[in-house]
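Encoded as structure tokens, the structure appears first; notes follow it.
Just so it is clear, none of the values below were taken in a lab; they were calculated from the coordinates. Note that the coordinates shown come from a computational prediction; the quantities given were computed from them, not determined experimentally. Here the Cβ positions follow ideal geometry from the backbone for every residue, glycine too, while neighbour counts run over all protein chains shown.
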Amino acid sequence: MPLNAQQLNTATFAELLADTHHTAVHLEMRDQYAVGDETDDYAAFLRTGVPNLDPARSFWPQWTPLVRDAVARGVVMRRARIVSEPVTDYIRYKHAITPLNLQAGEDVRWLPRRHASCCGSFRVITVEGADLCVAHSGERKDGHELRPAAGIETGEGGS
């Protein structure tokens with residue numbers, strides 16, 4: 001049964017995702033996020049250049065089941081990352097751990113920021129510091145595509 005207006009105001013992300021039936025879209029538009037549960041893994045990545053791809057670490061044990069359950073119900077989980085080039089160290093880190101998003105069942109795409117102003121009918125608003133995509137037509141008029149996770153240039157001699 002769909003959530004009513006009062007439930008939407010107090011629902012957790014897990015509850016909202018559990019009530020999703022078709023598509024969930026996560027739009028990331030910042031070159032750096034201050035996410036506390038990534039702090040140790042990000043610091044290690046900066047020291048070594050090697051991502052921790054252990055799905056039992058950090059926030060993955062909470063995130064992965066949410067995604068897998070949604071995908072099992074037929075929900076398409078999409079994540080779009082609009083990034084500046086050259087990419088920041090944080091975006092290199094996000095790119096390096098994207099295989100965990102993909103293993104969970106997300107469809108992750110990358111778009112260089114220089115192409116983001118041509119996104120057709122994207123409507124993007126920011127509420128209390130959170131990027132939120134409220135609608136898009138799904139059509140691109142300029143020929144630029146949101147690239148799959150492996151399609152971003154990280155500055156490390158390849159994708």
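Summary of values
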| read-out | value |
| --- | --- |
| Local net charge near ASP37, Cβ-Cβ under 15 Å (Lys/Arg +1, Asp/Glu -1) | -2 |
| Stretchable slack from ALA43 to ASP31, in nm (0.36 nm times residue separation minus alpha-carbon distance) | 2.7 nm |
| Charge dipole (debye, nearest 20) of region 1-106; +1 at Cβ of Lys and Arg, -1 at Cβ of Asp and Glu | 220 debye |
